[in-house]
Amino acid sequence: MATASVAPHRDLSPAQVLPKHLDLFYGGAWHAPKSGRYVDTLNPALDEPLARAADAGVEDAEAAILAAHHAFDGWRAMKPLQRGDILRAAAKILREHAEELAMLDALNTGNPVAEMVADARVAATGIDPRSDDHRQLFSAVGRIRGRRFMCAADRPANRVLRGGRHGTQGQADRPQGREANSHV
């Protein structure tokens with residue numbers, strides 16, 4: 001993966017990049033963990049605490065899943081162009097804050113900052129449906145034998161991923177005959 005440079009003009013000190021909210025975010029709001037538990041997250045390079053973050057449990061996960069189910073009804077009712085606008089806005093935020101996210105990841109895991117900047121930008125590309133890089137990330141989306149599939153550009157040309165009603169499920173299929181090259 002290519003590395004990315006870090007913008008020298010931004011203050012990437014821990015005080016600036018560490019989150020101000022350390023609770024759980026779901027359903028459009030911050031929530032304290034239902035257990036009341038918080039745990040230290042450590043800087044592995046210094047073995048020092050960075051912050052005390054919420055320790056989510058099963059009840060928290062269930063509440064977040066329920067909130068996601070409720071939000072999905074509104075998402076599903078939205079027109080595709082509206083959903084695309086939201087995804088592009090999210091991608092823009094990721095790109096604008098790639099350096100801060102990278103530094104946060106580096107502080108928390110010890111990963112190289114430049115590599116994490118590149119990862120944040122790749123994540124933004126993956127959710128921006130109109131990005132040229134997004135189009136290059138996937139070489140084709142189409143149908144074989146009535147099944148929708150997506151073939152990632154880094155996969156061998158003779159293998160495709162096919163999916164059922166809920167999208168790609170990671171099942172490989174080798175098309176035969178004329179269909180063999182229909183995904184390239």
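The values are calculated or read from the model by the stated rules, or taken from the named source; none is laboratory data. Just so it is clear, the structure is predicted and the values come from calculations on it, not from any experiment. Positions of Cβ are backbone-derived with ideal geometry, glycine not excepted, and every protein chain shown enters the neighbour counts.
A few points about this structure:
- Residue-level check: of (1) in contact with a helix residue (DSSP H, G or I) (Cβ under 6 Å, 6 or more places away or on another chain); (2) surrounded by fewer than 14 Cβ atoms within 10 Å (Cβ to Cβ); (3) closer than 21 Å to Ile127 by Cα, Ala102 misses just (2).
- Scanning region 40-60 for residues that are among the hydrophobic types (A, V, I, L, M, F, W, C) and surrounded by 13 or more Cβ atoms within 10 Å (Cβ to Cβ) gives Leu42, Leu50, Ala51, Ala53, Ala54, Ala56.
- Filtered residue count, region 17-29, keeping only those that are surrounded by 13 or more Cβ atoms within 10 Å (Cβ to Cβ) and either at pLDDT 90 or above or assigned to a loop (DSSP other than H, G, I, E, B) (or both): 7
- Any hit, region 77-95, residues being more than 19 Å from the chain's Cα centre (by Cα), over 27 Å from Val122 (Cβ atoms) and among the charged types (D, E, K, R): yes
- Only a single criterion out of (1) surrounded by 14 or more Cβ atoms within 10 Å (Cβ to Cβ); (2) out of contact with any helix residue (DSSP H, G or I) (no Cβ under 9 Å at 6 or more places or on another chain) is not satisfied by Lys34, namely (2).
- Residues in region 54-87 that are outside any helix (DSSP H, G or I) and modelled with pLDDT under 95 were compared, and the one that is farthest from Val17 (Cα to Cα) is Lys79.
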